[in-house]
Amino acid sequence: APVFEALTLDNKPVKSTDFTSKKPTLFMFYLGHDCSHCVEQIQAFSKAAADFDKAGIQLVAVTIEPTPVAKNIRAKLNLKPDAPLPFPILSDSSKAAFKAVRAHDDFENELLHATLLIDTSGRQRWQDVSWQPFSDTKFILAEAKRLLELNTVKELTSLRPAP
């Protein structure tokens with residue numbers, strides 16, 4: 001899986017491997033609070049956060065908004081200003097992380113939404129990159145559990161269609 005960097009809401013640099021080295025991680029790349037579809041995605045995963053945590057999968061959201069703006073997500077999630085977030089929110093206003101995970105249309109020069117599952121070995125097990133965010137929490141939770149049970153390279157490569 002690609003390794004990328006972003007900033008925490010406290011403006012501290014982190015790498016994707018800071019998360020994936022501890023637990024399988026589902027990263028959600030979203031365009032910001034002005035995108036109603038992105039807000040719906042973050043709200044859906046916020047409601048399902050406990051289910052992912054119970055399954056041993058952590059959620060991390062990455063936005064293009066600078067950290068002062070990204071901190072306003074609490075209002076969109078109907079949380080009190082001092083309430084803890086259901087999962088970490090990272091800021092990538094440089095757009096480098098989006099480009100690293102191929103959530104960027106080079107031809108149109110536009111960012112895309114992306115959702116990626118990366119295991120603790122750094123292997124990308126699943127991805128969805130699209131003009132709309134992925135919000136089917138039940139599907140991805142079941143699929144993540146299934147994919148994370150496949151431990152060998154042989155099992156993973158057998159999922160590829162024959163040439």
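5 Å is the cut-off here: which amide hydrogens, built 1.01 Å from N in the peptide plane, fall below it relative to I64, excluding neighbours closer than 5 in sequence?
Y30, G32, D92
Return the percentage of antiparallel bridges among DSSP beta bridges fully within the chain, rounded to the nearest 5 %. Mind showing how you got there, number by number?
Working: 17 of 26 bridges.
In the chain, approximately 65 percent of DSSP beta bridges are antiparallel ones.
Kindly express, to the nearest 10 degrees and within the range 0 to 90, the angle between helix 137-149's C-alpha long axis and the longest C-alpha principal axis of the chain.
40 degrees
Among all the lysines, which ones have a C-alpha under 22 Å from K76's C-alpha, if same-chain residues fewer than 8 places away are not counted?
The reachable lysines, counting only those whose Cα sits under 22 Å from K76, are K47, K138.
Where the convex hull is taken over the Cα atoms of the chain, what is its projected area averaged over directions, in nm²?
10.0 nm²
Under the rule of at least 5 residues apart or a separate chain, name every residue whose amide H is placed under 5 Å from the amide H of F4.
S16, T17
Size of the dipole of the chain about the Cα centre, Lys and Arg at +1 and Asp and Glu at -1 on the beta carbon, nothing else charged, in debye to 20?
Here the chain has a charge dipole of around 520 debye.
Which order do peptides 44-54, 111-121 fall in by mean Cβ count within 10 Å, highest first?
Going by the mean number of other Cβ atoms within 10 Å, highest first, we get 111-121, 44-54.
Of P68, F4, A55, which is farthest towards the positive pole of the range 1-118's charge dipole, taken about the Cα centre with +1 and -1 on the beta-carbons of Lys, Arg and Asp, Glu respectively?
A55
For the chain, what is the accessible area per residue in Å² when the probe is 1.4 Å?
That works out to 56 Å² per residue.
The values are calculated or read from the model by the stated rules, or taken from the named source; none is laboratory data. Keep in mind it's a predicted model, so treat the numbers as computed, not measured. Quick reminder, even Gly has a Cβ in these numbers, built from the backbone with ideal geometry, and neighbours come from all protein chains shown. Keep in mind that these areas ignore ligands, DNA and RNA; they rest on the heavy atoms of the full protein, side chains included. Shrake-Rupley method; radii C 1.70, N 1.55, O 1.52, S 1.80 Å.
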